[in-house]
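In what follows, a structure is listed as C-alpha cells, so that the remarks can point back to it.
The values are calculated or read from the model by the stated rules, or taken from the named source; none is laboratory data. Small disclaimer: the values here were computed from a predicted structure and weren't measured. For neighbour counting, all protein chains shown are included, and Cβ atoms are generated from backbone atoms with ideal geometry for every residue, glycine included. What goes into the accessible areas is simple: the full protein's heavy atoms, side chains included, and nothing from ligands, DNA or RNA. Shrake-Rupley method; radii C 1.70, N 1.55, O 1.52, S 1.80 Å.
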Amino acid sequence: VFNLTEALRVSGFYSYLDSDLGTFSTILRSDPNPDIRYHYGYTWDDEPTLQWWAYPAPKDLSGGKLPQQPKHKWALTLAYDRPLANLGWLQLLGTWSHTGERYSLVQNVDAFLIPSYDRLDLRATWTSPKGHWSASLYVQNALDEIGFIEYYAGFRPDWAWGATEAYPRGIMTDPRQIGFVLHWKL
C-alpha cells in the first residue's frame, strides 16, 4: 500500500510460483492414451480359475508444474477518497487483476493449457456526512473478459473396451455486471 497523495492510494500484490513436482509418477485416470499392463491371478468361485485384469501403468511426471497454479498472478488497486464538504464523502476505486496461464492437468499437456485473463472492477461510493447512508455504483468485470478460474479437461476411460470419452469441466469468470447498492443505518 502506498499513499500517492492524501486522497490517492495505490495497493496491490504480486505472486510468483515456479512449482516443480520433483520426482513423481502416478497412474493417470485422465490419460487419453494409457500404457495398459495386465495382472494375472486366481479367482475362487467354485474352483480356482486363472484370470487376467487390465490396469494403466504409472507414468513418470518428474519436473512438471502443479496443475491449476499460475506462475504469475497480480492485482493493482487505485483508490481516490475525497470529502464533499457538507455533502459527505466520495470514494472512487478501480482494481485490475491478472491470472497467468496454467496447466489444467498434472501431466502438463500443452493442449490443456488454461489461457491467462485480466479483470477490471470499478466502484464509486458516496457516504452521507454522518455515515447513515451510502450508495455505490459498480461494474464488475468491466472488460467483459471471460476466463477459466478452474478447468479440468479429463477423460473417462473405459478399460473394458479400451476407449476414452472426453468430459471437460470447469468454472468460468462471471460476465460483466453493473449494479447499484444502497445502505442505511438506523
### Query
Using only Cα atoms, what is the ratio of the radius of gyration of region 1-56 to 2.2 N^0.38 Å?
2.78
### Task
Please report the relative contact order for the chain, taking Cα pairs under 8 Å with a sequence separation of at least 6, and give it as a percent rounded to a whole number.
18 percent
### Message
So if I place +1 on the C-beta of Lys and Arg and -1 on the C-beta of Asp and Glu, and nothing else carries charge, what would the dipole magnitude of the chain be about its Cα centre? I want it in debye, nearest 20.
### Response
1160 debye
### Query
Given the Cα-Cα distance of D110 and Y38 and 0.36 nm per residue of separation, how much length would full extension add, in nm?
23.0 nm
### Task
Can you give me the three principal axis dimensions of region 1-107 from its C-alpha atoms, in Å, biggest first?
94, 31, 18
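Ignoring ligands, DNA and RNA, what accessible area per residue does the chain give at 1.4 Å, in Å²?
On a per-residue basis, the chain sits at 70 Å².
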### Query
If you take the charge dipole of region 15-151 about its Cα centre, with +1 on Lys and Arg Cβ and -1 on Asp and Glu Cβ, which of L113, A57, L17 is farthest toward its positive end?
L17
